[in-house]
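Take a look at the structure set out below.
The values are calculated or read from the model by the stated rules, or taken from the named source; none is laboratory data. For clarity, every value in this text was computed on a predicted model and none was experimentally measured. A quick note on method: Cβ atoms are made from the backbone with ideal geometry, for glycine too, and the neighbour counts reach across all protein chains shown.
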Amino acid sequence: MLSTHLAQLREQIPSGLAEIDNVVAGLDRVLIGGVARVGDDATAALNALADTVAGTPLRDRVAEAVDKVIAGSFGQEHLAALAGARSALLGAAHDALLGHFDATLGREREAWPAPAGDPATPSAVRAAARSWLHEAALGGWRGADHELLSAAGTAIEAALAEPGLIRLAVLLDGLAAELRAVLPVSTMPQVPARRWADLWSRGLLLAQDGFGPTEDAEPVSGRLLPLGVDVHEHPTVVQVQVHAILEPADGSANRLVRTAVAAAKVETITGPAVWRLLQAHPVLLTALAEHRAMTVTDLPLAGGDLLWRDGQAKAGEQADPFATARVLLATATGAATAPLDRHPAAIAEPVLLEGYVVRKTDGGLVAELDGQAVPLAVDRLPSAGPLTPALVAASSTCLGLARWDGGSWLVQPLAVRGTVKRKPVEAHNGDWATGVTDPKVAKAEAKAGDAVAVLRERAGRLLRR
């Protein structure tokens, strides 16, 4: 039973993860106070980082960077080396966890191909991003101020103007917005050190001139069967990530894939209203709301990520996600993860749980079956869909994502089936993709007004002036 396998994952954790976490946490603490003035604790943390990668090809570069930072004579390239070492350690933890997951569940996984693209050419935009991230690291999170965050605007605007740097631009914008929202950071009782260090190190690596395409996308065609939707929402952006199984038209093995669509937003647009920002993708939204398969033609696939193009997809027949998972999930081949994306927090593997009973504990909800318990991450449920903690508590079947969080495995529900007041119920995160189907929620939405329509009308008036 899958629940037994997940319980085994929770009991048999790969060795060395705690040590990696401690070393990374040490560097994260250095970034809180900044690298401009390194004290004894920061020196010890930096030396621990150098010692940990001493048996790898990063040894000489990281050792030099640590020495330079401690001496106070470092440059941008030395901070990039620290960010690279941090990313490599978290990538090693990711690989150990995912390898153990595959071995326990018997999931096959594709190998990551050798780099096929050429290194990116030097760019003034990347240089501006590196310069801002360098300044942010100097004063640390406690030293962030309005002047620093205002300076981020130039780098963000320049990166947004280059299609190949959109990812970097959104990341910088998100980090600057989070810092700006909590100014003065110096008064915060606790800083989200891991999250901000993740964003900083990822941004610094993306901003390197040597960072270019790592592989060529291959065009794929076939039948796409959605499993579930994970909604990622930030005050300034929303992304809908669809986990699915691709049945290739050439008859090759079924593949686990993801595809995502996103839109910029303002903080006042939340809940079901975010779907109205994605109306440029009607085929995808219809398939999610109506639980339909799709036929896709020549969509670019890089690793496990499909680049969504709505014009190259056609909604097809009804396809029950639970039936899809029950029949195809166990034999579908998992996707390889790009090196820069390898992080324990990024693990999100589709799983199906059936025949369990939900029990409430001090830590939340757990699914119990045959004496085994698996935590259910109801805190990750989005407000854009009908899935609620109460429905999860009443469920006996769950389509979700296995995640590594807080040092243990858990399942994030994407869809559930259960019984409420002796009636069968079913809810999926994507059920409201084309409109709210719950009368009570729809009434509340109508009363609150259409924030998207209002903002679009105001923007239109401004443009007409």
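Pairing residues of region 286-301 that are within 11 Å of SER221 (Cβ to Cβ) with residues that are of a type in the set (Asp, Glu), at Cβ distances under 9 Å and at least 6 apart in sequence or on separate chains, gives LEU301/GLU218.
Taken residue by residue, region 284-293 has at least one member that is in contact with a Pro (Cβ under 9 Å, 6 or more places away or on another chain), in the same structural domain as ALA325 (by TED's automatic domain parsing) and over 26 Å from VAL441 (Cα atoms).
In the condition set (1) more than 22 Å from ARG130 (Cα to Cα); (2) touching a helix residue (DSSP H, G or I) at 6+ places or on another chain (Cβ under 8 Å), ALA197 is compliant with all but (1). LEU9 falls short on exactly one of the conditions (1) in contact with a Phe, Trp or Tyr (Cβ under 6 Å, 6 or more places away or on another chain); (2) within 25 Å of GLY140 (Cα to Cα), and that condition is (2).
Scan region 180-196 for residues that are buried (at least 19 other Cβ atoms within 10 Å of the Cβ) and free of Cβ contacts under 8 Å to residues at least 40 places away in the same chain and the total you get is 0. Scan region 324-351 for residues that are aliphatic (A, V, I, L, M), under 16 Å from PRO413 (Cβ atoms) and over 11 Å from the mean Cα position of the chain (by Cα) and the total you get is 3.
Checked against the criterion of being at pLDDT below 95 and not small (Gly, Ala, Ser), the candidates THR333, THR361 yield just one match: THR361.
Might you check whether a residue that is in contact with a Lys or Arg (Cβ under 6 Å, 6 or more places away or on another chain), outside the structural domain of PRO375 (by TED's automatic domain parsing) and hydrophobic (A, V, I, L, M, F, W, C) occurs anywhere in region 89-99? Checked against the condition, which is being in contact with a Lys or Arg (Cβ under 6 Å, 6 or more places away or on another chain), outside the structural domain of PRO375 (by TED's automatic domain parsing) and hydrophobic (A, V, I, L, M, F, W, C), region 89-99 yields no hits at all. Scanning region 12-47 for residues that are farther than 20 Å from SER408 by Cβ, surrounded by fewer than 16 Cβ atoms within 10 Å (Cβ to Cβ) and small (Gly, Ala, Ser) yields ALA36, GLY39, ALA44. Restricting attention to region 393-427, the residues that are farther than 30 Å from ASN22 by Cα, surrounded by fewer than 24 Cβ atoms within 10 Å (Cβ to Cβ) and not small (Gly, Ala, Ser) total 10.
Yes/no matrix, rows are residues, columns are (1) crowded, with 21+ Cβ neighbours inside 10 Å; (2) under 24 Å from VAL441 (Cα atoms); (3) touching a strand residue (DSSP E or B) at 6+ places or on another chain (Cβ under 6 Å):
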{"position": "LEU227", "(1), (2), (3)": "yes, no, yes"}
{"position": "VAL237", "(1), (2), (3)": "no, yes, yes"}
{"position": "LEU246", "(1), (2), (3)": "yes, no, yes"}
{"position": "ASN254", "(1), (2), (3)": "no, no, yes"}
{"position": "THR268", "(1), (2), (3)": "no, yes, no"}
{"position": "LEU299", "(1), (2), (3)": "yes, no, yes"}
{"position": "GLN312", "(1), (2), (3)": "no, no, yes"}
{"position": "GLY316", "(1), (2), (3)": "no, no, yes"}
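Scanning region 55-79 for residues that are surrounded by 12 or more Cβ atoms within 10 Å (Cβ to Cβ) and among the aliphatic types (A, V, I, L, M) yields LEU58, VAL62, ALA63, ALA65, VAL66, VAL69, ILE70, LEU79. Could you grab me the full set of residues in region 364-412 that are among the charged types (D, E, K, R) and assigned to a strand (DSSP E or B)? Result: GLU368, ARG403, ASP405. Among residues of region 405-429 being among the small types (Gly, Ala, Ser) and over 16 Å from the mean Cα position of the chain (by Cα), the one that is nearest to LEU352 (Cα to Cα) is ALA415.
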